[in-house]
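The values are calculated or read from the model by the stated rules, or taken from the named source; none is laboratory data. What you see is a predicted model; the values in this text were computed from it and never measured. Heads up, the Cβs are rebuilt from the backbone with ideal geometry, glycines too, and the neighbour counts pull from every protein chain shown. Calculation scope for accessible area: heavy atoms of the full protein, side chains included, ligands and nucleic acids excluded. Shrake-Rupley method; radii C 1.70, N 1.55, O 1.52, S 1.80 Å.
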Amino acid sequence: MTAFDEKELTSCLSAVLLTKDNHDLDEDLITYLVGMICDGDTVTLEEVAQSTIDEDCEVYEAIGPFLESSGCGQQVILKACQAVQDLAKRSTGSLSSASNSNSSRLEARKLRQGIVSMSSDLDRKTQEEEEANRFLWGADSGVAAFINEQKDAHDSTISAKERRKQRQDLEKARREYQAKVEAMEREEAKEGGNAVVSAMVLPDYSSGRNEKDIHCRNVSISLDNGRILLENANLKFVHQRRYGLVGKNGIGKTTLLKAIASMEIEGFPRHHRVLHVRQEVKSAGTEKSVLESVLESDAERNALLIKEKKILARLESCPGDKGINEGVLGANDQHFNNSIMTKREQLNKRLKDGNEDEIFNTDIKELDKVYARLNQLSSDSAESRAAQILSGLQFTPQMQAGPTSALSGGWRMRVSLAASLFIEPDLLLLDEPTNHLDLEAVLWLESYLCEYKHTVVVVSHDRSFLNEVCTDIIEFNNKTLTYYKGNYDVYVRTSDEAIKNQMRVYQAYQDKRAHMMEFIEKFRANAKRASIVQSRIKAVEKMDLEAPDKVEIESVWRFSIPNPEPLGRPIIAIDDVTFDYKPSNKEVSEYILQKVNFGIDLDSRIGILGANGAGKSTLLNLVSDKLKPLTGSVSRNTRLRIGIFTQHSADKFDLHISAVENMLNLFPNAADQEMRSFLGKFQIQGDEAIKPMLMLSGGQKSRVAFAALSYQRPHVIIMDEPTNHLDMESIDALVEAVKDFRGGLMVVSHDQYFITNTCRDLWVVGGGKATRFRGNFDDYKKETLARTAKRVAQSVKSLSSINNN
């Protein structure tokens, strides 16, 4: 196939179209048309030269719609197409002449070679002949991509029109992707750059009958592009139950939570306080302290406090009223020192005393309602509750007193989570709450949610977290919601048993039908049994109408990591390593890592535990040679290959190019066909392998990341929060692959299921040290919960002492 020369084609189209009669055309449009024609998948010189110029020809279909939209008539378009064909004929003619000339010279050169010698020189080959042979047999890696392109072109049965449709679908996907990004940016701008939590719709307590359970029937949710996520489903939440919402990535779990939080679902009771905690909150932070940000996050409490101040101001201005400023209601400076119950008692006393001023009495009653609601919101204990929550999420007293602008994105997400727990909504919606938490914070959050006195709905990929927290599971699948009693493990067992029962019922139907059909076929021509045959036929027809649905069992996807060749010891040895990012301003005893010693072999299975900021990721970077120790040494085998997989591994790809191209960029020495075959093992094959990655699902992008890890054939794998943003299926596949891998493993993760199923040894990083934990994961969990509870109590105690002073 030969493509057009862009310069010649530009001159050709400009001569026909850029005339005085076509005022709406310009050089930019000509350049765009040239790009459409020069695309090798659209038309070629040979196709255009041999085609008939009419409205159905390839060139007309390529440029006609654009010229028509610019006001060009049919004659002008046909004239442009004819000019393109003339150019194609001239170009193909010159190429043919050049080919014939080269052929003649080659024949002449062969004749001049003379008599061929039959000596041993016959086996000798020049360098040019060697290169020609490599090219001929495809051994030259430089032509591998060209050969694959030619092979694809000849093997393809897709017409040019279908290829154009594929390009249109790609352009549509790119527009949808861009629209999605812009929508997210608009949402963040709408909620405010410094938003601590998602906006909460203030409840309407005058609506409903104050029922605590939630039940909405025939719930349907669809996207702006018309895609239906939920259709005629039942949405029901029982008070004080904790639900886990599970389903594949992209099925619509987050969209459902947003619809609930924004009260967009028809029939949803509006007297409930509903709050949705998003996966990500991009906030620039403010100069307000962390504790103040959490206290000010409760919009209803803030509104009540403002209303209280306004009423108190009116009451204090009443003429001739005694006792207002002497503490009957409490002066403004004494407001926070008087309990709400004391204030309500004082208000009731004033009402009993009576007052002829109707406005005064109305304000007194309104103020009593304010205090009643503040009492329900536990406003008196607000500051201690906020400190308790922040301490549980690993905020030190210094961090609580510091500004939010000094925190990283992960810590700001913790502020968002703390604010949501502080508000204590009637329905708390948590979307992947553990993504930005360390294991210590996850364990505390588990214990806190288990004692939460309202309703919780949580979306999480952490199987152990769902098992600890949830009392019920909601399965989001096939545009409906299915409810299961029990935690995640119970749901899996119940779901598997239900599928087995459905398979038994369907098999029984098939067996019975086959038996009846055998009888019908055997005696269909027997006149004596005609009535019985007809009866059986009617019975089969009735069975078919009432037949159970065929059970479709989805295949379980798995992949493997190639086992490496053996290496001599030591594989990795860490000896007396000391490190800190700002060593000049600290004593050695304050460094993040001090005299760390341990080693990694091909049979190592090490889980690194510890609080955020303790130095876990720093240790991984030292092992992988991304950081250099200040003192001590990190020794590595010279033939060692280290594979690194993190929560951001799927984000490193260029989404505007294909999976094959991304892999070739990572491994430039690999051949195109080899990489396609390798990706096929991860179910990235056919069109999925060559379409831009922005058109792939989240699970498919994760599989490309798994492929990149496996292709390295690592001796040692280092993982930093690998399960973040993965669905359950991908996590299970990763766990099985790591368990079968016969190399070293070093993992930092808050996912308890992943740690317990892949790691044999536990090391704890903290206080500048890295020490091996003598016990199993359950022992570490108990020790961590006890330590966290002690720290939370100390934090609340120190806050109380500050307030008393």
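With a 1.4 Å probe and all protein chains left in place, how much accessible area per residue does the range 1-91 have, in Å²?
On a per-residue basis, 54 Å².
Counting only protein heavy atoms and a 1.4 Å probe, tell me what percentage of the range 431-573's accessible area is made up of carbon and sulfur.
Using a 1.4 Å probe with all protein chains present, the range 431-573 comes out at 50 percent carbon and sulfur.
Go through the range 256-268 residue by residue and turn each phi into a ³J(HN,Hα) via Karplus (6.51, -1.76, 1.60, θ = phi - 60°); whole Hz please, and just put x for glycine and proline.
Going residue by residue, I get 5, 4, 5, 5, 5, 5, 8, 6, 7, 7, 5, x, 6 Hz, with x marking Gly and Pro.
Can you pull the one-decimal nm distance between simple spin-label points at D575 and T286, each 7 Å off the Cα toward Cβ?
5.5 nm
Over all Cα pairs of the range 237-306, how is the pair count split among 5 Å bins, expressed in % and running from 0 up to the last occupied bin?
3, 11, 15, 21, 19, 16, 11, 5, 1
List every residue whose amide H lies under 5 Å from the amide H of I644, counting only residues 5 or more places away in sequence or on a different chain, with H placed 1.01 Å from N in the peptide plane.
Result for I644 returns I718.
Under 13 Å from the Cβ of M675, count the other residues' Cβ atoms, weight Lys and Arg +1, Asp and Glu -1, and hand me the total.
Here the count lands on -1.
Might you work out the accessible area of D751 for me, using a 1.4 Å probe with all protein chains in place, and round it to the nearest 10 Å²?
0 Å²
Could you put K212, K586 in order of accessible surface area, largest first, with the 1.4 Å probe and the full protein assembly present?
K212, K586
Could you tell me, in Å, what Rg and Dmax come out for the Cα atoms of the range 579-669?
So, for the range 579-669, Rg and Dmax equal 17.0, 50 Å respectively.
Amide H to amide H, which residues 5 or more places from S460 or on other chains are under 5 Å from it, using H placed in the peptide plane?
Amide H neighbours of S460, under 5 Å, 5+ apart: L245, E432.
Using the heavy atoms of the protein chains and a 1.4 angstrom probe, tell me the accessible area per residue for the range 432-477 in square angstrom.
21 Å²
Local charge sum around A382 (other residues, Cβ-Cβ under 11 Å, Lys/Arg +1, Asp/Glu -1)?
Charge balance near A382 sits at -3.
For the pair S635 and I228, how long in nm is the line joining their label points, each one 7 Å along Cα→Cβ?
For the pair S635/I228, the computed spacing is 6.7 nm.
May I ask you to compute the full-extension gain from D651 to K626, defined as 0.36 nm times their residue separation minus their alpha-carbon distance, rounded to one decimal in nm?
7.1 nm
By how many nm would the segment from S447 to R504 lengthen if fully extended, with 0.36 nm per residue of separation less the alpha-carbon distance?
Between S447 and R504, full extension yields 16.5 nm more.
Excluding P564 itself, calculate the net charge of residues whose Cβ lies under 11 Å from the Cβ of P564, where each Lys or Arg counts +1 and each Asp or Glu counts -1.
Here the count lands on +3.
Please compute, over every Cα-Cα pair in the range 636-717, the percentage with a separation greater than 14 angstrom.
Counting pairs separated by more than 14 Å, the tail of P(r) holds 60 percent.
Taking every alpha carbon pair in the range 500-603, what does the distance histogram look like in 5 angstrom bins from 0, in percent?
2, 9, 10, 8, 7, 6, 5, 4, 4, 4, 4, 5, 5, 5, 5, 5, 4, 3, 3, 1, 1, 0
For the range 554-612, with every protein chain kept in place, what is the accessible area per residue (1.4 Å probe, Å²)?
Accessible surface, normalised per residue, equals 52 Å².
Give the shape of the range 617-675 as rounded, prolate or oblate, defined through the alpha-carbon gyration tensor: a ≥ b ≥ c are the square roots of its eigenvalues, a/c under 1.5 means rounded, and otherwise the shape is prolate if a/b is larger than b/c and oblate if not.
Oblate, because a/c is 1.5 or more while a/b does not exceed b/c.
At 7 Å along the Cα-to-beta-carbon direction for both F523 and D204, put a label point, then send me their distance in nm to one decimal.
Modelled inter-label distance: 6.9 nm.
What's the FRET efficiency of D56 with S560 using the Cβ-Cβ distance as r and R₀ = 60 Å, to the nearest 0.05?
Between D56 and S560 the formula returns 0.70.
Which cross-chain or sequence-distant (5 or more) residues have an amide H under 5 Å from the amide H of L481, H modelled 1.01 Å from N in plane?
N234
Report the gain in length on full extension from F66 to K309: 0.36 nm times residue separation, minus Cα-Cα distance, nm rounded to one decimal.
80.9 nm
For a protection proxy built on the mean count of beta-carbon atoms within 10 angstrom, sort 268-276, 461-469 highest first, please.
Averaged packing, sorted descending, gives the order 461-469, 268-276.
Would you mind getting me the FRET efficiency between K485 and R217? Use the beta-carbon distance for r and R0 = 22 Å, nearest 0.05.
So, using R0 = 22 Å, E works out to roughly 0.60.
Pop the C-beta distance of S262 and D549 into the FRET formula with R0 = 45 Å and round what comes out to the nearest 0.05.
0.80
How large is ³J(HN,Hα) for each residue in the range 731-743, as worked out from phi by the Karplus curve 6.51 cos²θ - 1.76 cosθ + 1.60 (θ = phi - 60°), to whole Hz, x for Gly and Pro?
Here the 3J(HN,Hα) series is 5, 4, 5, 5, 4, 5, 5, 5, 5, 7, 6, 9, x Hz.
³J(HN,Hα) across the range 689-702 via Karplus (A = 6.51, B = -1.76, C = 1.60, θ = phi - 60°), whole Hz, x for Gly/Pro?
7, 10, 8, x, 5, 5, 8, 8, 6, x, x, 5, 5, 5
Quick one: Debye curve from the alpha-carbon atoms of the range 703-781 only, equal weights, vacuum; give me log10 I(q)/I(0) at q = 0.19 Å⁻¹ to two decimals.
After summing over all Cα pairs, the log10 values are -0.90.
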